[in-house]
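K.L.:
The structure is given below, and queries will be raised subsequently.
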């Protein structure tokens, strides 16, 4: 029963992340001319993390990101079976969130200013998959390293952990939006890409591989930090 509750929590959290984060991007746009769109989208993603951390964090830990779950697996904070169920729940939540956006914007005849349900892309890095991989790997590394540090039982950050994690997501979005749209989360990329198709789908592998590599590196580095001399 506990595993089922955790899966539901991860589904709801990832659903909300895509619905609010990608939905905001679709409404305000994220082009370089309208810098406010950058900030609004960055804060939309970050504030969802803050809200969900205090909503479902006590149930599942509020990963709502397969890359974060991978880091927890490598760090020994969760088992392989939980990891698999978490990832499935997260991907299904992201797909459901993207589906809702598709329905709302279609029925309401609302213009999607991203042109692809807030999906990630490589246009900001000259369509270079290598550059996109580097960006996603580095941003995920930073984001996940913060998460591992804040959630370490020895750190003693207490109830402020959700705020720190949320604002760290805002931070990486401010840089990454103009480059790749900022994924740092394979599930968040999979959901919109399935409905956007085209370039978003063809470059999707970048936003799966990059975050996973970055998260794995963060987990290994943090294990080095935590290791006693």
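Rule-based calculations on the coordinates, nothing more; no lab input. These figures come from a predicted structure and were not determined experimentally. All Cβ positions, glycine included, derive from the backbone under ideal geometry; neighbour counts span all protein chains shown.
K.L.:
Of the residues 165, 84, 174, which exhibits the maximal mean-square fluctuation in a Gaussian network model of the chain defined by a 10 Å Cα contact cut-off?
P.N.:
Maximum fluctuation in the GNM of the chain, among the listed residues, is at 84.
K.L.:
Which label belongs to the value computed from this structure, given these candidates for Kirkwood radius over Cα pairs in Å: (1) 18.6; (2) 17.2; (3) 19.2?
P.N.:
The calculated read-out lines up with (2).
K.L.:
Sticking with this structure for a sec: How high is the FRET efficiency from residue 106 to residue 159, r the C-beta distance, R0 41 Å, rounded to 0.05?
P.N.:
Working from the Cβ atoms, E equals 0.50.
K.L.:
Hey, another quick one. Helix-derived [θ] at 222 nm for the chain: sum -39500 (n - 2.57) over DSSP H runs of at least 4, divide by residue count, nearest 500?
P.N.:
Estimated from H runs of four or more residues: -22000 deg cm²/dmol.
K.L.:
Using only Cα atoms, find the angle between the long axis of helix 80-107 and the longest principal axis of the chain, and express it within 0 to 90 degrees, rounded to the nearest 10.
P.N.:
So the inclination is approximately 20 degrees.
K.L.:
If each residue's Cβ is checked for other Cβ atoms within 10 Å, how do 86, 38 rank with the fewest at the top?
P.N.:
Ranking 86, 38 by Cβ neighbours within 10 Å, fewest first, gives 38, 86.
K.L.:
A follow-up question, please. Does anyone have the angle between helix 161-176 and the longest principal axis of the chain? Alpha-carbon axes, 0 to 90°, nearest 10?
P.N.:
The angle comes out near 40 degrees.
K.L.:
Ok, one more. Springs between alpha-carbon atoms under 10 Å, Gaussian network over the chain: tell me which of 182, 14, 151 tops the mean-square fluctuations.
P.N.:
151
K.L.:
Where does each of 168, 119, 81 land when they are ranked from fewest to most other beta-carbon atoms within 10 angstrom?
P.N.:
Arranged by neighbour count, lowest to highest, 168, 119, 81 become 81, 168, 119.
K.L.:
Just to confirm my numbers, what's the Cα centroid distance between segment 2-69 and segment 92-123 in Å?
P.N.:
So the two Cα centres are separated by 14 Å.
K.L.:
Still on this structure: Quick one: 171, 52, 78, fewest Cβ neighbours within 10 Å first, how do they rank?
P.N.:
Fewest to most other Cβ atoms nearby, the residues stand as 171, 78, 52.
K.L.:
Here's a follow-up. Fully extended, how many nm does the chain gain between residue 201 and residue 152 (0.36 nm per residue separation, minus their Cα-Cα distance)?
P.N.:
Full extension of this stretch gives 14.1 nm more.
K.L.:
How tilted is helix 186-196 with respect to the longest principal axis of the chain? Cα atoms for both, answer in degrees (0 to 90, nearest 10).
P.N.:
20
K.L.:
Gain in length, residue 84 to residue 167, computed as 0.36 nm per residue apart minus the alpha-carbon separation, to one decimal in nm?
P.N.:
Length gained between residue 84 and residue 167: 27.2 nm.
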